[in-house]
Amino acid sequence: MSETLTRIRINFSKTASIRFTGHLDLQKTWERTFRRARLPIAYKQGFNPQARLNLALALPLGFTSQCEILDVWLEYPVSFSELESRLLPALPPGLEISRFQEVGLSEPALQTQIASAEYHISMDNQHPDVQSNCEVLLRSASIIRQWKGKSYDLRPLILELRALPEGSGGKQVIFVRLSAREGATGRPEEVASALGISPTLTRVHRIKLAFMNNEI
Amino acid sequence: MIINPAEIQETLELILPQVQKPGRYTGGEFNQVVKDWGETDLKVALVFPDLYELGMSNLGLAILYDRLNQRPDVLAERAYAPWSDMESRMRSKGIPLYSLESLHPLSSFDVIGFSLPYETLYTNTINLLNLSGIPVFSSERKSEHPLIIAGGHATYNPEPMAPFIDAFVIGEGEEIILEIIDALKIWKDQGKSRRELLISLSSLWGIYIPSLYKPKYGQDGVFTGIDPLEDKAPRQIVKRITAKLPPPTTRFIVPYIDTVHSRVPVEIMRGCTRGCRFCQAGMITRPVRERPVEEIIEAISHALDNTGFEEVGLLSLSSSDYTDILQLVQEVSKHFADRHLSISLPSLRIESFSVELMDALKDARRSGFTLAPEAATERMREIINKPVSDQQLLDTCREIFNRGWHNIKLYFMIGHPAETMDDVKAIARLCRDVLQVGKEILGWRAQVTAGVSTFVPKPHTPFQWVACDTVDQIYAKQRYLKAALRGKGLKLNWNSPEDTMLEAWLSRGDRRMADVIYEAWRMGAIFDAWKEHFNYQIWIQAFEKAGLDPSFYTHRERPIDETFPWDHISTTVRKKFLTEDYLWSLQGKTRVDCRERCFACGILPTFAELRRENPGDVWQCPEVKTRKIAARDLEILDLELLPVIAKSSL
């Protein structure tokens, strides 16, 4: 089996009601999708056999995304066209695949390769000063915040931040690029809070995950 | 109140990010069925009045959902109880209880069906009606309101919920649900009154319309009988059964979030031939009907393709008693060997064959092996009719440890009839003996977990006459066990005595208990099965407000000729049989498995014709060859008491 083991990378979007499915439950959902598709997903042997799959970067509950990445190990190679035709009817509503790619077995784990993530934060209420507030935030030397009882500096995690010109929907949107390295991951709702915007009155959409080796 | 699905959707967008586990409230899962609302004649909401995670694991509702949605003229959607964080937001934003599939308010359905497998769901049922904007009392509902039906094991004593439910389904639901739909369609076309609908439903086999009856009580407050208020209402309501089990449901909704059981459930057998006297399920689910091995294998195969689940549950009340159990287990292991499946086989008998069975499943997980001796002395096991010798139990445990399981879970009950402190002490002694066996084989890795619940004398069982232990008695017994079951390798789980009291009141209550339930709900009782919510004092106050004495229901030993509030509900196991079995228990007399010898419990005379139509192995009861044999048994039954439909089957 180990000689034919194949690692496939899948780019997908996550929308609709499945956005309220958390990281671990999403992994389970993918495992079941592969099982419904009768694709030879590989299992780690052990006391509790685990499906071999990896998600790039946890997407917080309620956020939508157009750029999620999954690595999955199959017991033997399956052509992309067969992958597509078998997965399509097995996918739950809200997950859509945009690309398949074969990657080397020796490549490091997906989550260690991610450098940053880009988000659109759209706001339910009008915030006329949002662009100047973004600039103030960017000029700050540090932004100390509390997360789960610990204080940390949000500022170094913000790589880019600006208000976008108003779109057709009439909603204001902020663009933010945040560090997404292991142990240094910025959260868009924290940026919203730092800007004085209530996170419960925002929708967050992840638009891009950037890999380390693509970084300038 | 918001009633438009689009507005509900919009408001949900705002509140879902603020609640725990919003995935409970969104729907949209794989295999959910969404039909065209405007184009479908009849709309049914199926409700499990507890959290999504529990409701999604309920096989009964999954079967009804599948069967209803197979009909082109019907749509069935789901709803569950929102946790309090969600409920308070729904109430403050004016969102009524809505269905997960199409976000329609429950009040816009034609029928709402509640599943009531246990009694602690009663306050939630009332709460969900209220959250739907529907009057909680049946008498206050008008033609525009949905028909409120309820079924499940708890409804074998429907009286405590009688004022809240329009129609109870007594027995098995898979056929009658479709007959209710048909009756409802005819009624809608005719434009008759709601009362007319209820009267027409009352003639269906297995339907109980509580508003067509009036209970009577004696001077001493004891229930003395129930009078029909309509000529057409049957004096006795015979439970519905499905004579031959249909092929299992294979299309299950795959939840996005973790639920209690995320697995393919396959009912391999219905009913049980063992006759344990405390067991309500064993008495009310007769006769025993099995599904053929091939049908089960095929169903698992389809269901796995439909769902992708990693686990299969082979469900029954007593797996070891399935006739071809070894063959079934071998076939399952063979067919699905490469699917990385885990297979659960609950309710195994205490014998070494059970260990062989679990071994044959080749499940890599050897975490725990569960046995349910229910009592720790041979004397007590004879009283409850679960005769197993201590030696047999210890031998089985030795085999379990030998084959690699480290943890044995033993289930017991305290509070059995005629129990003494010696029987309680024996629980601790037996657990230590089993642990000793484990230590000899595995050393310090061996573990014994004792699950000790408290016996509640359930309606329709041979123990229905028995009084419950008082809270003080239960505390004393638990105190002993907590002290005696300390130490490495031993663990004890128990239920709080107050939980047991609530279960006992609700399962043994008469129609007056409805006042208590209503008052408790008004004072805030919901989610009574959850320790976060259960409030004993509320219930004590509710009894006071209703002018009733809780101990009247639970601590009074009933005279052998007492009429019970559930006597008009016929499980077809005759009261005479239950009486005899109770008297036998007091003498320590046991009954063998009724496949070895028929004890004429009453099933066959009532359903003789059904048995004749389904000969051979379809039922585990003896065959009814000629009308003559059946006629002899028939003398015991009062034919006048049977509804028309059951009579026609005789």
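The values are calculated or read from the model by the stated rules, or taken from the named source; none is laboratory data. Here the structure is a predicted model, which means the values were calculated and not measured. As a convention, Cβ positions derive from the backbone with ideal geometry for all residues, glycine included, and neighbour counts pool all protein chains shown.
Listed here are the residues, each with its yes/no results for (1) modelled with pLDDT of 95 or more; (2) under 30 Å from B:Pro417 (Cα atoms).
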residue	(1), (2)
B:Ala337	no, no
B:Arg349	no, yes
B:Phe353	no, no
B:Leu357	no, no
B:Glu374	yes, yes
B:Thr377	yes, yes
B:Arg381	yes, yes
Checklist entry - Hey, does the stretch B:172-192 have a residue that's of a type in the set (Phe, Trp, Tyr) and within 21 Å of the chain's Cα centre (by Cα)? => result no
Checklist entry - Does the stretch A:40-53 contain at least one residue that is within 14 Å of chain B (Cβ to nearest Cβ), within 27 Å of B:Glu101 (Cβ to Cβ) and aliphatic (A, V, I, L, M)? => result no
Checklist entry - Which one is farthest from B:Tyr256 (Cα to Cα), of the residues in the stretch A:27-49 that are without any contact (Cβ under 8 Å) to a residue 40 or more places away in the chain and among the aromatic types (Phe, Trp, Tyr)? => result A:Phe47
Checklist entry - Considering the stretch A:54-78 alone, what residues qualify as being within 12 Å of chain B (Cβ to nearest Cβ) and either of a type in the set (D, E, K, R) or not in a loop (DSSP other than H, G, I, E, B) (or both)? => result A:Thr64, A:Glu75
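Would you mind stating whether A:Ser151 is outside the structural domain of A:Ile10 (by TED's automatic domain parsing), touching a helix residue (DSSP H, G or I) at 6+ places or on another chain (Cβ under 9 Å) and in a strand (DSSP E or B)?
No: the conditions fail for A:Ser151.
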Checklist entry - Can you tell me which residues in the stretch A:73-124 are among the polar types (S, T, N, Q) and touching a residue at least 24 places away in the same chain (Cβ under 8 Å)? => result A:Ser98, A:Gln101, A:Gln111, A:Thr112, A:Gln113, A:Ser116, A:Ser122
Next on the checklist: Go through the stretch B:189-216 and report how many residues are touching a residue at least 40 places away in the same chain (Cβ under 8 Å) and surrounded by fewer than 18 Cβ atoms within 10 Å (Cβ to Cβ).
Outcome noted: 4
Checklist outcome for this item: Of B:Val466, B:Val456, B:Val424, the only residue that is of a type in the set (Val, Ile, Thr), surrounded by fewer than 24 Cβ atoms within 10 Å (Cβ to Cβ) and either at pLDDT 95 or above or under 29 Å from the mean Cα position of the chain (by Cα) (or both) is B:Val466
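I'd like the full set of residues that are within 14 Å of chain B (Cβ to nearest Cβ), touching a strand residue (DSSP E or B) at 6+ places or on another chain (Cβ under 7 Å) and of a type in the set (A, V, I, L, M, F, W, C), limited to the stretch A:3-18.
Scanning the stretch A:3-18 gives a single hit, A:Ile18.
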Checklist entry - Considering B:Ala299, B:Ala233, which residue is over 22 Å from the mean Cα position of the chain (by Cα), over 30 Å from B:Ile560 (Cβ atoms) and small (Gly, Ala, Ser)? => result B:Ala299
Checklist outcome for this item: Only one of B:Glu101, B:Glu172, B:Glu119 is in contact with a strand residue (DSSP E or B) (Cβ under 6 Å, 6 or more places away or on another chain), closer than 25 Å to B:Gly509 by Cα and acidic (Asp, Glu), namely B:Glu172
Checklist outcome for this item: Per the list (1) away from chain A (no Cβ under 14 Å); (2) crowded, with 23+ Cβ neighbours inside 10 Å; (3) closer than 24 Å to B:Val264 by Cα; (4) in contact with a strand residue (DSSP E or B) (Cβ under 7 Å, 6 or more places away or on another chain), residue check on B:Asn58 breaks on (2)
Checklist entry - So how many residues does the stretch B:239-273 have that are in a loop (DSSP other than H, G, I, E, B), basic (Lys, Arg) and crowded, with 21+ Cβ neighbours inside 10 Å? => result 2
Next on the checklist: Please pick out the residue among B:Ser200, B:Ser143 that is of a type in the set (Ser, Thr, Tyr), modelled with pLDDT of 95 or more and out of contact with any Leu (no Cβ under 7 Å at 6 or more places or on another chain).
Outcome noted: B:Ser200
Next on the checklist: Out of A:Ser122, A:Ser98, I need the residue that is at pLDDT below 95 and within 24 Å of A:Ser17 (Cα to Cα). Which one?
Outcome noted: A:Ser122
Next on the checklist: If a residue must be under 15 Å from A:Leu59 (Cα atoms), within 14 Å of chain B (Cβ to nearest Cβ) and over 13 Å from the mean Cα position of the chain (by Cα), how many such residues does the stretch A:174-198 contain?
Outcome noted: 1
Checklist entry - Of all residues in the stretch B:304-327 being more than 25 Å from B:Asn614 (Cβ to Cβ) and surrounded by 17 or more Cβ atoms within 10 Å (Cβ to Cβ), which is farthest from the other protein chains (Cβ to nearest Cβ)? => result B:Gly313
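Looking at the stretch B:78-113 only, could you name the residues that are farther than 23 Å from B:Gln20 by Cα and not in a helix (DSSP H, G or I)?
B:Phe109, B:Asp110, B:Val111, B:Ile112, B:Gly113
In the set B:Tyr118, B:Tyr98, B:Tyr52, which member is touching a residue at least 40 places away in the same chain (Cβ under 8 Å) and within 24 Å of B:Glu159 (Cα to Cα)?
B:Tyr118
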Checklist outcome for this item: Restricting the stretch B:551-576 to residues that are aromatic (Phe, Trp, Tyr) and touching a residue at least 60 places away in the same chain (Cβ under 8 Å), the one surrounded by the fewest Cβ atoms within 10 Å (Cβ to Cβ) turns out to be B:Phe552
Checklist outcome for this item: B:Gly524 vs (1) in a loop (DSSP other than H, G, I, E, B); (2) in contact (Cβ under 8 Å) with a residue 40 or more places away in the chain: all pass except (2)
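Just checking, how many residues over the stretch A:84-137 are part of a loop (DSSP other than H, G, I, E, B), within 14 Å of chain B (Cβ to nearest Cβ) and closer than 20 Å to A:Val191 by Cα?
The number of residues fulfilling the criteria is 2.
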Next on the checklist: Of the conditions (1) at pLDDT 95 or above; (2) assigned to a helix (DSSP H, G or I), A:Ile207 satisfies every one except a single condition; which number is it?
Outcome noted: (2)
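To keep it simple, each residue is scored yes or no on (1) in a loop (DSSP other than H, G, I, E, B); (2) under 19 Å from B:Pro457 (Cβ atoms).
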position	(1), (2)
B:Tyr518	no, no
B:Trp530	yes, no
B:Ile538	no, no
B:Gln541	no, no
B:Glu544	no, no
B:Phe564	yes, yes
B:Thr572	yes, no
Item to check | the stretch B:17-32, residues that are facing another protein chain (nearest Cβ under 7 Å) and of a type outside the set (Ser, Thr, Tyr) | outcome: B:Pro17, B:Gln18, B:Pro22, B:Gly23, B:Gly27, B:Gly28, B:Glu29, B:Phe30
